[in-house]
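Below: one structure, written as structure tokens.
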Amino acid sequence: MKHVLSLVLFSLVLVLVDNTNSLAQAPAGFKTGYIILNDNTRKEGFVKENFKSKAAVIFQDADGKKTTYTGNDIKEAGIDGITYISYSSDFFKLVSGGAKASLFQKVTDASGQVIFNGSEAVGVSTGSEGAIKDFFIRTSKDNSLHLVTKKNFRSVISTYCADCLSVTESVKNNSAGYENLGELIQLYNQCK
């Protein structure tokens with residue numbers, strides 16, 4: 001009898017472990033992640049990016065319910081350890097972050113996408129400035145994203161990093177250029 005009871009308990013443990021593992025595995029095409037809604041509610045689950053065709057992410061909760069969110073619907077999404085923020089209907093990948101400034105890269109083009117309020121269409125998105133793969137800086141001084149191109153690089157860094165002499169001097173004396181943008185943001189975040 002003891003042997004049968006042990007066998008039943010062992011079988012039950014195997015079933016529970018198998019069910020737990022299947023719940024923890026991401027569905028095909030999805031990765032472990034989270035979303036933060038506009039009301040700051042954070043939801044953990046599985047996320048699939050749909051940046052190219054819809055400028056959106058698809059979120060699946062623990063119950064298996066899938067919901068599509070555009071940049072208007074959420075503030076942030078985390079997909080497999082990568083952070084994406086939404087700004088002017090578009091999504092931007094966090095490249096380098098810190099307390100004073102962050103560097104983002106645009107990953108969607110939401111221009112022309114219909115904007116909904118619930119199920120009612122309320123307009124068409126103009127999207128944000130810049131093209132996919134362009135870089136943007138956001139400082140703690142203001143919450144806006146500022147486009148950084150090869151042409152405006154010096155001006156943007158001089159304006160938004162003016163309080164850090166080591167950064168502005170690196171740009172001024174040409175020891176750091178557009179290709180060093182990530183390093184300059186890290187240096188700016190270390191500046192006192």
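Among the residues of the stretch 154-167, is any under 29 Å from D73 (Cβ atoms), under 19 Å from the mean Cα position of the chain (by Cα) and buried (at least 17 other Cβ atoms within 10 Å of the Cβ)?
Looking for residues that are under 29 Å from D73 (Cβ atoms), under 19 Å from the mean Cα position of the chain (by Cα) and buried (at least 17 other Cβ atoms within 10 Å of the Cβ), one finds none in the stretch 154-167, hence no.
Just the residues that are assigned to a loop (DSSP other than H, G, I, E, B) and either in contact (Cβ under 8 Å) with a residue 24 or more places away in the chain or surrounded by 12 or more Cβ atoms within 10 Å (Cβ to Cβ) (or both), please, taken from the stretch 177-192.
Once the filter is applied, which keeps residues that are assigned to a loop (DSSP other than H, G, I, E, B) and either in contact (Cβ under 8 Å) with a residue 24 or more places away in the chain or surrounded by 12 or more Cβ atoms within 10 Å (Cβ to Cβ) (or both), the stretch 177-192 yields G177, C191.
Report, by residue number, each residue of the stretch 75-91 that is more than 18 Å from S53 (Cβ to Cβ) and under 10 Å from the mean Cα position of the chain (by Cα).
Answer for the stretch 75-91, where residues must be more than 18 Å from S53 (Cβ to Cβ) and under 10 Å from the mean Cα position of the chain (by Cα): K75, E76, G78, G81, I82, T83, I85.
Which residue pairs have Cβ atoms closer than 9 Å, lie 6 or more positions apart in sequence or on different chains, and pair a first residue in the stretch 88-100 that is on the phi < 0 side of the Ramachandran plot with a second residue that is part of a loop (DSSP other than H, G, I, E, B) and among the acidic types (D, E)?
D90/D109; K100/D163
Can you name the residue in the stretch 73-99 that is part of a loop (DSSP other than H, G, I, E, B) and surrounded by fewer than 18 Cβ atoms within 10 Å (Cβ to Cβ) and, of all such residues, is modelled with the lowest pLDDT?
S88
Can you pull out every residue in the stretch 128-164 that is at pLDDT below 95 and touching a Gly at 6+ places or on another chain (Cβ under 6 Å)?
none
Taking the stretch 136-176, which residues are part of a loop (DSSP other than H, G, I, E, B), more than 18 Å from K100 (Cα to Cα) and out of contact with any Leu (no Cβ under 9 Å at 6 or more places or on another chain)?
T149, K150, K151, N152, N173, N174, S175
The values are calculated or read from the model by the stated rules, or taken from the named source; none is laboratory data. Quick caveat, the model's predicted, so the values are computed rather than measured. Note: ideal-geometry Cβ built from the backbone for every residue, glycine included; neighbour counts use all protein chains shown.
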